[in-house]
Amino acid sequence: MPIFIDRRLNPKDKSLGNRQRFLHRVRAELKRSVQEQIRSGKIADADGEHAVSIPAKGTSEPNFRAAGDSGRRQHVLPGNKQFSPGDKMPKPGQGSGAGSAPGLQESEDDFRFVLSREEVLDLFFEDLELPDMVKLSLKEILSSKPRRAGFSTSGSPTNINVARTMRNSHGRRIALQRPKRTEIEAILAELTRIEAEGPDTARDKAAALRVELDRLERRRRVIAFIDPVDIRFNRFDAQPLPNANAVMFCLMDVSGSMGEREKDLAKRFFVLLHLFLKRRYDRTDIVFIRHTHTAQEVDEDTFFLSTQSGGTVVSTALEEMQRVIAQRYPSKDWNIYVAQASDGDNFASDSERCLRLLDSEIMRLCQYFAYVEIIDERESEIFGSTDNGTSLWRAYLSVKERWPNFDMTRIARAADIYPVFRQLFTRQPARPRN
Amino acid sequence: MQRHASRSNLLFSGSDWNFGTLSHAYDVIEAVAKEELRLDIYPVQMEVISSEQMLDAYSSIGMPLMYRHWSFGKHFLHHELLYRKGGRGLAYEIVINSDPCIVYLMEENTMALQALVTAHAALGHNHFFKNNHLFRQWTDADAILSYLDFAKGYISRCEEKHGVAAVEAILDAAHALMDQGVFRYRRPPRLSSEKQREGLRERLEYEERSYNDLWRTLPRQADGSKATAENADLIAERKKALNLPEENLLYFLEKTSLILEPWQREILRIVRVIAQYFYPQRQTQVMNEGCATFVHYTVMNSLFDRGRIGEGAMLEILRNHSNVVFQPGFDDPRFSGINPYALGLGMMQDIQRIATEPTAEDRDWFPEFAGSGDWRTILLDAWANHRDESFIRQFLSPALIRKWRLFLLSDAANESFYSVASIHNERGYRRIRSALAQRYDIGTNNTDIQVVDVDLLGQRHLRLQHKVRDGITLENGSCDATLRHVQALWGYEVSLQGVDAQTGATLYERSSRQLAD
């Protein structure tokens, strides 16, 4: 008789620690891989699991092992069909590394595995320098609240609905004619009365009463007072917390001055805003508007990949946005967020026009307007935090003074992105308009 | 009526299992195995685990407890990927050479499979672990679990004290030398009890505390000066003092390295002990699996003959059995070397055949036992006293070579073709047999690297020597990385010299000094 131990309920993920150690070890490689995927993938896809591949070389465990392409070996193989001693056969992959018999060597491919959403976001956040609180709140999945939703026949005992259960039980008892306690008591009283009168006066009657009593007692035992079929539980649905829809407008200058680096930074800026919105709203739409001296709504690929030649007139983008809002996203149904990225170039006279557009209408419509000006790393040293800058920058500065839901910054590195969102993340969650 | 009676005699029916049926099945299987095969086993502890826990166990080289290291995480991800893609099923069981013998059963197995696994692991492997001389001499079945528990705890304490990175560096280096971290020829010292080890550690800590740097500044004794006179003598003496040449690099570094701290030495020791524990397993793959497969096949058939297993269950058992012992030919896309289960079982059944119904050829080749009829004694003796290499050398018969159509292929790196050296004919039997035995001889297959010289009082240059057999050299990149690890453990220059085993000519030389450039 052996000893049996049931280990199935032991904690799983015994090797979670090992997994973390491994991820830590290949962190640089993973980061490159994840950021490559975020750069080339869609903004909305950043928030999810990613399959990553690590070159096997980077994680190899060295030892003193024999080189496959040296020396003399002998292999014993099964299944000879036509060979006789002295036969020769060419090696597969002439002269290259595969210097052993077919199937004897294991190939080491790139190593692919899946990172969880948390691990992806950790890597994405790494050089954005987000405060920990923000990281935590971004990783949080949309919260939900249980809401009463009728009754069900199964559930946990704490959720038993007593009133409903008793009503079912009562109905069943009536339908099956379960004898009541009063009936039994009446018979008992009758029986004692008869017995008190005298033993032989109504022996038959007493016997009949006893049989009847027995029958009733048995029936009471068979038909339960509360049967499992009566039990009803309160049912709860997970109801997402009251949320409305949000739309995120990505505005970007795509004139020739916006290069690969600028677009990459802009994309990270958009991804971060999208993560924030996705956490807070059930449904988030993204609208991409690119502009040179004219503006148009485009899909994501065109937005990031193609360039256009032409001057830069920012107001056209704002007007296009107004048009889209009027057409598809009425501000009473939608929370409107705007993220604008530009290198700051604009026609001098146009900045005034932007100012008017923002002041008169747009700022009233949006929940939040974030503007980033992407500059050279060298420029960042010159400008620093001075208020000096392009005409667009100066115009927007005055907007910032008047509207609390406007924020702007200059960014030269990924780490500069977060400050523009600071207000967004520190504010109490805004009450959605309904 | 008859039918009813025979059904109630079955050990189980249907595919579901519970602990009652498992236990009953074990008792019957054990009784049959002891009666039919005269097995002698450790008590058994069966643990039921889920598939995820099986994956966990895979990643820590099959042991129930293991310290943490990134490489285990890598293996876990690798196995998980294969499993998720459906590329590879999981093992139905894992068995651990300990006393009591621990067998892991997967909860997904059907009852028929559980019975098969019980016969295979809890009796077959168990008997082999308890009786084979390699396991008896070289491993401590009763101490290994408590040692692993100690190792895990010790390493996690080190991580707290010295940082994860420092511990990882030592473990990386030690893992790289694991193949060179076993005693092949002399028996390793028995694992000392927890109490003794505790005492040893306390002494080390005391020495650390009471170390006085002043002693180092005392003038050396004068007799060092006449060293120049008989240099060769001195070297010989020095080697003798250090017990050189030494095949166990980890042992040498642990005892002799001048830069390691006590906790680092202890970690080297842990890795070395684990490597040593697995050394017999690597030498007895064919025998171990063959023994277990032979046992389950014999026991299951015997149970079926006695009417204790239904036909449906027996079909399932046979299907799994034939999957396990499937041996594709060399030109089959599924071929990946010789299947140790198939070879082991084939040879053991062959021994059974030779003992009971020998041909003239068998009488010629195996005069000692051909026709003796007592195959049980011969198998029990083989299981107890052989390892793969000697077992094949002794028992591989011409009949089996013909059945498998084995042939011998020579492969020289400088030629663009393989040539067929021998096939299954009169002239080839012996060569094929000895070549196959050679393939399972770990002593000739493992890279032979030894510490040959070090001058502790001078340059402290550690010299390693690689005996190059059959011109098989080392993979350069991996070799350099490993040398760097050795240097990290040694602290001074390390060089590796490749010497041809036959001619004694130096083939190559690498030094950690070159690597640094």
Notebook entry, point to check: How high is the FRET efficiency from B:E426 to A:A238, r the C-beta distance, R0 60 Å, rounded to 0.05?
Noted result: 0.15
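Just check the range B:447-516 against the gyration tensor rule for me: Cα atoms, a ≥ b ≥ c as the square roots of the eigenvalues, rounded for a/c under 1.5, and otherwise prolate or oblate depending on whether a/b exceeds b/c. Don't jump to the answer; show the numbers that get you there.
On the way: a/c = 2.33, a/b = 1.42, b/c = 1.64.
Cα axes put the range B:447-516 in the oblate bin.
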Checklist line | Probe 1.4 Å, all protein chains present, accessible-area order of A:D345, B:D172, largest first | finding: A:D345, B:D172
Margin query: Need the list of aspartates and glutamates near B:K467 for cross-linking: C-alpha distance under 18 angstrom, and skip anything on the same chain fewer than eight residues off.
Written below: A:D69, B:D179, B:E246, B:E247, B:D441, B:D448, B:D453, B:E475, B:D480, B:D500, B:E509
Check: So which lysines pass the test for A:K205, namely a Cα distance under 29 Å, with those fewer than 8 places away in the same chain ruled out?
Finding: A:K180
Check: Each label point is 7 Å from the Cα along the Cα-to-Cβ direction; what then is the distance between the points at B:K403 and B:S50, in nm?
Finding: 4.3 nm
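On a full-extension model of 0.36 nm per residue, what is the gain between A:M1 and A:R218, subtracting their alpha-carbon distance, rounded to one decimal in nm?
Working: separation 217, 0.36 × 217 = 78.12 nm, distance 4.65 nm.
Here the segment from A:M1 to A:R218 would lengthen by 73.5 nm.
Please get the size of the charge dipole for the protein assembly as shown, origin at its Cα centre, with Cβ charges of +1 on Lys and Arg and -1 on Asp and Glu, quoted in debye to the nearest 20. Working shown, then result.
Details: 127 positive and 131 negative charges, 483 e Å.
The calculation lands at about 2320 debye.
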Notebook entry, point to check: Shielding of B:400-413 by partners, i.e. mean partner chain Cβ atoms within 10 Å per residue?
Noted result: 6
Notebook entry, point to check: Distance in nm between label sites at B:K255 and B:D331, each 7 Å beyond Cα in the beta-carbon direction?
Noted result: 5.4 nm
Item checked: Where B meets A: accessible area buried, both sides, 1.4 Å probe, Å² -> 7100 Å²
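Estimate the FRET efficiency between A:S331 and A:L9 by the formula 1/(1 + (r/R0)^6), using the beta-carbon distance for r and 45 Å for R0, to the nearest 0.05. Each step should come with its number before you reach the end.
Numbers: r = 54 Å, r/R0 = 1.19.
According to the calculation, E is roughly 0.25.
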Item checked: Charge-dipole axis of the protein assembly as shown as Lys and Arg at +1 and Asp and Glu at -1 on Cβ define it, positive-most pick from B:W375, B:Q327, A:G155 -> A:G155
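Skip the ligands, DNA and RNA, and give the accessible area per residue of the range A:245-426 with a 1.4 Å probe, whole Å². Let's see the in-between values first.
Working: 7120 Å² over 182 residues.
That works out to 39 Å² for each residue.
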Check: Can you pick out the pairs among A:K42/A:K400; B:K74/B:K255; A:K42/A:K267; A:K14/B:K130 whose Cα atoms lie more than 21 Å from each other?
Finding: A:K42/A:K400; B:K74/B:K255; A:K14/B:K130
Check: Which distance in nm do the two modelled labels at B:T506 and A:A44 give, with both placed 7 Å along the Cα-to-Cβ direction?
Finding: 6.9 nm
Note to self: With the cut-off at 1.5 for a/c, could you classify the range A:245-426 from its C-alpha gyration tensor as rounded, prolate or oblate?
What the structure shows: rounded
Next item on the list: Please give the contour-minus-distance gain from B:R376 to B:D364: 0.36 nm per residue of separation, less the Cα-Cα distance, rounded to one decimal in nm.
Entry: 2.2 nm
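Under a Cβ-only charge scheme (Lys and Arg +1, Asp and Glu -1), can you give me the dipole magnitude of chain B about the Cα centre, in debye to the nearest 20?
Numbers: 58 positive and 68 negative charges, 82 e Å.
Taking the Cα centre of chain B as origin, the dipole is about 400 debye.
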Check: In straight Cα distance, which lysines are under 17 Å from B:K161, not counting same-chain residues fewer than 8 positions off?
Finding: B:K152
Next item on the list: Enumerate the residues in the range A:200-220 having an amide nitrogen under 17 Å from the point lying 7 Å beyond the Cα of A:E190 toward its Cβ.
Entry: A:201-220
Next item on the list: Quick one: order B:L474, B:L234 from most to least accessible surface, probe 1.4 Å.
Entry: B:L234, B:L474
Next item on the list: For the range B:56-62, just list the computed ³J(HN,Hα) in residue order, Karplus coefficients 6.51, -1.76 and 1.60, θ = phi - 60°, integers in Hz, with x standing in for Gly and Pro.
Entry: 4, 5, 3, 6, 9, 5, x
Notebook entry, point to check: Which Rg and Dmax, in Å, describe the Cα atoms of chain B?
Noted result: 26.8, 100
Notebook entry, point to check: Considering only B:S257, B:N385, B:Y92, whose Cα is most displaced toward the positive end of the charge dipole of chain B, charges sitting on Cβ of Lys, Arg (+1) and Asp, Glu (-1)?
Noted result: B:N385
Check: Add -39500 (n - 2.57) for each DSSP H run of 4 or more in the protein assembly as shown, then divide by its residues: what number comes out at 222 nm, to the nearest 500 deg cm²/dmol?
Finding: -14500 deg cm²/dmol
Next item on the list: Specify which residue in the list B:F129, B:M348, B:S478 is farthest towards the positive end of the charge dipole of chain B, using unit charges on the beta carbon of Lys, Arg (+1) and Asp, Glu (-1), about the Cα centre.
Entry: B:M348
Note to self: How large is the accessible surface of A:E190 in square angstrom, using a 1.4 angstrom probe and rounding to the nearest 10?
What the structure shows: 50 Å²
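Could you compute the net charge surrounding A:R73? Neighbours are other residues with a C-beta less than 13 Å from the C-beta of A:R73; K and R count +1, D and E count -1.
Details: positive: A:R72, A:K91, B:R439, B:R469; negative: A:D69, B:D411, B:E415, B:D470.
Its environment carries a net charge of 0.
Nearest-5 percent of antiparallel DSSP beta bridges in the protein assembly as shown? Walk me through the intermediate numbers first.
Working: 45 of 91 bridges.
Bridges in the protein assembly as shown that DSSP calls antiparallel: roughly 50 percent.
Does the range B:325-444 come out rounded, prolate or oblate by the C-alpha gyration tensor, with a ≥ b ≥ c the root eigenvalues, rounded set by a/c under 1.5 and, if not, prolate when a/b is larger than b/c and oblate if not?
On the way: a/c = 1.89, a/b = 1.73, b/c = 1.10.
Prolate is the answer for the range B:325-444, as a/c is 1.5 or above and a/b outweighs b/c.
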Margin query: Given a Förster distance of 60 Å, report the FRET efficiency between B:R306 and A:K205 from their Cβ-Cβ distance, rounded to the nearest 0.05.
Written below: 0.30
Note to self: If you average 1/r across every pair of different Cα atoms in the protein assembly as shown and take the reciprocal, what Kirkwood value do you get, in Å?
What the structure shows: 35.8 Å
Notebook entry, point to check: With every protein chain in place, what's the accessible area of A:D13 (1.4 Å probe, Å², nearest 10)?
Noted result: 90 Å²
Notebook entry, point to check: So who's got an amide H within less than 5 Å of the one on A:I5, skipping anything under 5 residues away but keeping other chains? H placed 1.01 Å off N, in plane.
Noted result: B:M46, B:E47, B:V48
Next item on the list: Find, among the chymotrypsin sites (Phe, Trp or Tyr not before Pro) in the range A:208-266, those assigned to loop by DSSP (not H, G, I, E, B) with at most 15 other beta-carbon atoms within 10 angstrom.
Entry: A:F225
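Got a sec? What order do B:Y42, A:Y337, B:Y251 fall in by accessible area at 1.4 Å, biggest, i.e. largest, first?
Working: B:Y42 35, A:Y337 0, B:Y251 60 Å².
Putting B:Y42, A:Y337, B:Y251 in descending order of accessible area: B:Y251, B:Y42, A:Y337.
The values are calculated or read from the model by the stated rules, or taken from the named source; none is laboratory data. Source: prediction; values computed, not measured. Cβ atoms come from the backbone with ideal geometry, glycine included; neighbour counts cover every protein chain shown. SASA here: full protein model, heavy atoms, side chains in, ligands and nucleic acids out. Shrake-Rupley method; radii C 1.70, N 1.55, O 1.52, S 1.80 Å.
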